[in-house]
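Remarks on the structure that follows.
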Amino acid sequence: MASPKILAFAGSTRQNSHNQRVLEIAVAGARAAGAEVTVVNLKHYPLPLFNEDLERSTGEPDAAAKLKQLFFEHDGLLIASPEYNSSITPLLKNAIDWVSRKVGDETPLQAYRGKVAALVAASPGALGGLRGLVHVRSILGNIGVVVLPDQVAIPKAHEAFDENGQLKDENQQKTVSGVGAKLAEMLQKLAD
């Protein structure tokens, strides 16, 4: 059987992002479980704030088309989502919205249908981004993505990582890596 293909990205483009770090740990777990993982940074897909008037007047932005094509080419999504004011980041929500748009002969939400996702988060706060993951889970579920129940939120992220980008707490490291592995394993089971 072919290896499952996972698209991985964080809802942050900040340099030294805690969520980029936690994403890399989950990606390593998915790769160790046999998945082929493509990691992208949303800063390479600059998108205007979504609104339908803009979409009607100028069409789908090139960056949205390129990002959507990556969704089409992958079986699963591995997302690290920062928490802004107890919710999802504007960057992540905007990317989700642009990729959701039907263009040409596409069916509604085609880029999301049949996808399986896993979620992780890291935050300096005490809940580790958990409140934001609730919103990400809800949004993805409502657009046809199956979101795995396993998720990890790393609290006090500014203290959680060592100089090599690994989590100091061995159990947290294993749990985050395990989320990536579980996504790979689920995708493999669905393909079999």
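Applying the criteria of a DSSP loop state and at most 10 other Cβ atoms within 10 Å to the chymotrypsin sites (Phe, Trp or Tyr not before Pro) of region 6-96 yields no site.
Considering only beta bridges that DSSP places wholly inside region 71-192, some 15 percent are antiparallel. Per residue, the average separation of C-alpha pairs within less than 8 Å and at least 6 apart gives the chain a relative contact order of 29 percent. Placing one equal scatterer on every Cα of the chain and applying the Debye formula, the log10 ratio I(q)/I(0) at q = 0.08, 0.16, 0.20 Å⁻¹ is -0.24, -0.96, -1.44.
Think of it as helices only: each DSSP H run of n ≥ 4 in the chain is worth -39500 (n - 2.57), and spread over all residues that comes to -13500 deg cm²/dmol at 222 nm. Solvent exposure of the chain amounts to 49 Å² per residue of accessible area, where only protein heavy atoms count and the probe is 1.4 Å. The alpha carbon centroids of region 16-73 and region 81-118 are separated by 9 Å. For region 93-192, the list of GluC sites (Glu not before Pro) that fall in a loop by DSSP and count at most 13 other C-beta atoms within 10 angstrom reads Glu106, Glu163. The relative contact order of region 32-142 comes to 30 percent, based on Cα pairs under 8 Å that sit 6 or more residues apart. Rolling a 1.4 Å probe over the protein heavy atoms of region 69-190, with every protein chain left in place, gives an accessible area that is 51 percent carbon and sulfur. Comparing Glu52, Glu60, Glu24 in a Gaussian network model of the chain, where Cα atoms under 10 Å apart are tied by springs, the biggest mean-square fluctuation is seen for Glu52. Applying a DSSP loop filter and a limit of 14 other Cβ atoms within 10 Å to the trypsin sites (Lys or Arg not before Pro) in region 96-172 leaves Lys102, Arg113, Lys156, Lys168. In terms of distances greater than 19 angstrom between alpha carbons, the cross-link table entries Lys68/Lys102; Lys43/Lys115; Lys5/Lys189; Lys93/Lys156 yield Lys43/Lys115; Lys93/Lys156.
The values are calculated or read from the model by the stated rules, or taken from the named source; none is laboratory data. These numbers come from a predicted model, not from an experiment. Note: ideal-geometry Cβ built from the backbone for every residue, glycine included; neighbour counts use all protein chains shown. SASA here: full protein model, heavy atoms, side chains in, ligands and nucleic acids out. Shrake-Rupley method; radii C 1.70, N 1.55, O 1.52, S 1.80 Å.
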